[in-house]
1. Once you have a ≥ b ≥ c as the square roots of the Cα gyration tensor eigenvalues for the stretch 155-260, tell me rounded if a/c is under 1.5, and otherwise prolate or oblate according to whether a/b is larger than b/c.
2. Considering the zone a paramagnetic label at Arg240 would reach in this model (a point 7 Å from Cα along the Cα-to-Cβ line), which residues of the stretch 185-199 have amide N under 11 Å from it?
3. Taking K and R as +1 and D and E as -1, what net charge do the other residues with C-beta under 14 Å from the C-beta of Ala275 add up to?
4. Keeping the other protein chains in place, figure out the carbon and sulfur percent of the accessible area of the stretch 271-334, with a 1.4 Å probe.
5. Ignoring ligands, DNA and RNA, please state the percent of accessible area on the stretch 142-220 from carbon and sulfur, probe 1.4 Å.
6. Can you find, among Val245, Leu190, Gly368, the residue sitting farthest towards the positive end of the charge dipole of the chain, where Lys and Arg contribute +1 and Asp and Glu -1 at Cβ?
7. Can you pull the one-decimal nm distance between simple spin-label points at Asp393 and Glu95, each 7 Å off the Cα toward Cβ?
8. Note the listed values (1) 35; (2) 52; (3) 57, then indicate which one is percent of Cα pairs over 32 Å apart calculated from this particular structure.
Amino acid sequence: MTSSIPTPTNPQNGAFPEGTSAGTSAAKTTLGVAAIGYAFMGKAHSNAWRNVASFFDVPAFEQKVLVGRDPEQVAQAAAKYGWRESATDWRQVLERDDIHIVDICAPGWMHAEIAIAALEAGKHVLVEKPLANTLAEAEAMTEAARTARARGIQSMIGFNYRRVPALALAKELIAEGRLGNVRHVRASYLQDWLVDADSPMTWRLNKETAGSGALGDIASHAIDQVLFLLGDTVTEVSGRLHTFVNSRPGADGPEQVTVDDAAWATLTLASGAIASVEVSRMATGRKNSLTMEIYGDKGSLLFDLESINELGFLDATLPIREQGFRRILVNEPEHPYMGAWWPQGHVIGWEHTFTHEIRDFLAAIDAGIPPSPSFEDGLAVQRVLAAIEESADAKSAIIQVAGH
């Protein structure tokens, strides 16, 4: 995996590597930021840009311009979210000398074209997940990122759940050997926003614009967590995709749904561990439940995004009469990222993960260190997604993942 800025237990202090600091950053060029996209992810990212400097020591930057297709709506969003101006042509924005960072929050079908152009223009790039809609696009983006990195231009993919303090703590515990040899993982991401068969058609349900359905949208997060937490790679997969509702109301009548509503996969990891992945946007009652269960020979971990501040930990090295899952409330200053926020015992929420993401991205740019997760990490996930699709097309045949 690509190297990254270490996550300190109290990022307010010592947030930068030796030789750099927020103070030395003041002498550097103020970084101009452009965000492309102002809907769901654009709003989440804008909130992070607006708040990050209030809680973390980061290099100086300005929210320069918000880009969108509708001039009136993007202007309203820019004023609301703290951007100095708005624009409708991202290509013209890339030509500006006062823009140093491009944050891509547009739909996946636009990622490759914008990211490659931005990197070639010498802009640092943050792009939302999944990296692209196709494996070919992801490979082209990764090559562009690799070339740009040689010129000091940084890039990162926005797997924001790596910045959940409880999952960052889980990563630390696994790396410390507290679980011993990890044998198997259960990862699921369940939502219910498509349960109603009369829910209208959106771009997320069209393969040409979305690439895939639940697979790319939320399985990408679950798979990245497996790779991130274990520091592992996937060698082979077996998968299945299913669409429960095949058409939905469109502007001019019923439209065909061309992506999956749910996906299942079994992943074989290079370490020998096995991971099961289940994702659905048709799981009645599950609003936004990313769950991770990691089982080792010395302990186990449990996490559910709907209880974002909690981590379950079982220490199997204790005498059997003392064993049992204990609830760790992850909001102490000693926990990842938490020292920057509120007094101990006060919880944080989903939106904070994006603030942590922007903090880490800015710190990496300031230090001249490639941030994580890299486009290579995004490509690794994309290869797994592509293998799952191939397996599903072949009646759940076992597929070797590219590169293994």
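1. prolate
2. Counting backbone N atoms under 11 Å from the label point, the list is empty.
3. Details: positive: Arg183, Arg186; negative: Asp224, Asp232, Glu236, Glu278, Glu293.
Cβ neighbours under 14 Å give a net charge of -3.
4. Summing carbon and sulfur atoms, their accessible area is 49 percent of the total for the stretch 271-334.
5. Carbon and sulfur together cover 49 percent of it.
6. Gly368
7. Between Asp393 and Glu95, the label points sit 4.0 nm apart.
8. Step by step, percent of Cα pairs over 32 Å apart for this structure corresponds to label (1).
The values are calculated or read from the model by the stated rules, or taken from the named source; none is laboratory data. Note that the coordinates shown come from a computational prediction; the quantities given were computed from them, not determined experimentally. With ideal geometry, Cβ positions are generated from the backbone for all residues, glycine too; neighbour counts draw on all protein chains shown. We work out accessible area using only protein heavy atoms, side chains counted, and drop any ligands, DNA or RNA first. Shrake-Rupley method; radii C 1.70, N 1.55, O 1.52, S 1.80 Å.
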